[in-house]
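Engineer: I am attaching a structure below and will ask some questions about it afterwards.
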Amino acid sequence: MESTRVDRWLWAVRLTKTRNDAADACRGGHVRVNDRPAKPSATVVPGDEVRARVGTTTRVVEVVRVIQKRVGAAEAVACFIDRTPKPPPEALVPVARRERGAGRPTKRERRVLDRFREQGS
């Protein structure tokens, strides 16, 4: 059966920038294989579900093919199926912005801003 270490696989399919980053994520509890916390030496096989927190997002991927060496981005995408849920839509409320360097708002501008914020609530 074909298998590899989870830290090596995360690096090879380009979910993390370096293998050391992948190992640190595993040690920090940010990587789960089949809903179990994974150490860097945990093995992955085709069909496993890997959850890895990368930056601020949690990526959920299914292992399709096991690779041990880093490959091009086009080949790396073929090694997993991305099952990451779509992020919730952000509120489409316009944000009041001032031009950079415009200084503090005047008393009149402050009243307009306060009225604008009250309407949004």
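Engineer: If we scan segment 86-105, do we find a residue that is open to solvent by less than 90 Å² (accessible area, probe 1.4 Å) and within 15 Å of the chain's Cα centre (by Cα)?
Structural biologist: Scanning segment 86-105 turns up no residue that is open to solvent by less than 90 Å² (accessible area, probe 1.4 Å) and within 15 Å of the chain's Cα centre (by Cα).
Engineer: Just one of (1) over 11 Å from residue 3 (Cβ atoms); (2) part of a loop (DSSP other than H, G, I, E, B) trips up residue 61, so point out which.
Structural biologist: Answer for residue 61: the failing condition is (2).
Engineer: With the structure loaded, tell me whether residue 75 is open to solvent by 30 Å² or more (accessible area, probe 1.4 Å), under 30 Å from residue 119 (Cβ atoms) and either at pLDDT 90 or above or under 19 Å from the mean Cα position of the chain (by Cα) (or both) or whether it fails that test.
Structural biologist: Here the answer is no, as residue 75 does not meet what is asked.
Engineer: Conditions: (1) over 24 Å from residue 8 (Cα atoms); (2) open to solvent by less than 90 Å² (accessible area, probe 1.4 Å); (3) assigned to a loop (DSSP other than H, G, I, E, B). Residue 116 meets all but one. Number of the miss?
Structural biologist: (3)
Engineer: Moving to a separate point now. Going through 70, 32, 14 one at a time, which residue ends up being in a strand (DSSP E or B), open to solvent by 60 Å² or more (accessible area, probe 1.4 Å), of a type outside the set (S, T, N, Q) and closer than 21 Å to residue 2 by Cα?
Structural biologist: Of the residues listed, the single one that is in a strand (DSSP E or B), open to solvent by 60 Å² or more (accessible area, probe 1.4 Å), of a type outside the set (S, T, N, Q) and closer than 21 Å to residue 2 by Cα is 32.
Engineer: Is it the case that some residue within segment 91-101 is within 21 Å of residue 2 (Cβ to Cβ), in a loop (DSSP other than H, G, I, E, B) and among the aliphatic types (A, V, I, L, M)?
Structural biologist: no
Engineer: Suppose we keep only residues that are modelled with pLDDT under 95 and of a type in the set (D, E, K, R) within segment 49-64. Which one would you say is surrounded by the fewest Cβ atoms within 10 Å (Cβ to Cβ)?
Structural biologist: Residue satisfying both the conditions and the ranking: 53.
The values are calculated or read from the model by the stated rules, or taken from the named source; none is laboratory data. From a predicted model like this one, the values you see are computed outputs, not experimental measurements. Here the Cβ is made from the backbone with ideal geometry for all residues, glycine too, and neighbour counts use every protein chain on show. Heads up: the accessible areas ignore ligands, DNA and RNA and are worked out on the full protein's heavy atoms, side chains in. Shrake-Rupley method; radii C 1.70, N 1.55, O 1.52, S 1.80 Å.
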